[in-house]
Amino acid sequence: MPEPAAQNFQTHRRFVPLHHFVAALILLLNLLWAFYRIWHAYRDGGRFNLVDSIFYLLVAFALLLMWFYLRLFPLTAQDRLIRFEMRHRLEQVLPVDLRPRIGELGAGQLIALRFASDAELPDLTRQVLEQRIQSRDQIKKLIKDWQADDLRV
C-alpha cells in the first residue's frame, strides 16, 4: 500500500466524500422534496396531506441540522483539546519573555500554530502576536516546517 503524501497547507483539510458530498446532497434533495410535497398538497387543497407534508418538511430540516452538528460537535471538542495542548506546548517551547503572552493568543491562532515545528514556533508566535495576525490561513502560510496532524476529525 502506498504511503500517503506528506501533509502541507494545501492538503491539510480533511474531506470525507460520503459525508461532505453524498450525504449532504441526499439531505438537500430530501428537503427540496419536502417543499415540493407542501406545494403539491397546498395546491390540491388536501388538509391531511398538507399537515403530513409540513411534518415531513420538519423531519427533513431536522435531518439537515443533525448532519451539520454531527460534524460541528467533534470539531469543537477537537479545537478545545488543541487549545489545551498548544498552551502546554508553548509553555515548554517559548522563551521566558514570551510565556506570559500565551494568554493573548486566541483559539484560531493556537489552532493554526499547531502545525509549526518546535524550532520555528517561538519566532512564529512572536510574529503572530506583534503583527496581530488573526487569520488561521495566514498563520498557516507562514509555517516553513509543517508538522502533520493526521489524527484530526
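Where a number appears in this text, it was derived from the coordinates with a stated rule and is not lab data. Note that the structure is predicted; figures quoted are calculated from it, not measured. Glycine also receives a Cβ, built like all others from the backbone with ideal geometry; neighbour counts cover every protein chain displayed.
For the reader, a short list of remarks on this structure follows.
- Potential extension, residue 85-residue 33 segment - 0.36 nm per residue separation minus Cα distance: 14.2 nm
- Between the listed residues 98, 58, 19, the Cα displaced farthest toward the positive end of the dipole of the range 11-147, a dipole computed from Cβ unit charges relative to the Cα centre, is found at 58.
- Rg/Rh for the chain stands at 1.21; both radii use Cα atoms, and Rh follows the Kirkwood definition.
- Bins of 5 Å, starting at 0 and running to the largest distance - Cα pair percent for the range 102-153: 4, 22, 35, 25, 10, 3, 0
- Most to least packed among 115-122, 135-142 [average Cβ atoms within 10 Å]: 115-122, 135-142
- Rg of the Cα atoms in the range 54-100, relative to 2.2 N^0.38 Å, amounts to 2.06.
- Note on the range 31-72: semi-axes of the ellipsoid equivalent to its C-alpha gyration tensor, largest first and rounded to whole Å, are 25, 9, 4.
- In a simple Cβ point-charge model (Lys, Arg +1; Asp, Glu -1; nothing else charged), the chain has a dipole of about 420 debye relative to its Cα centre.
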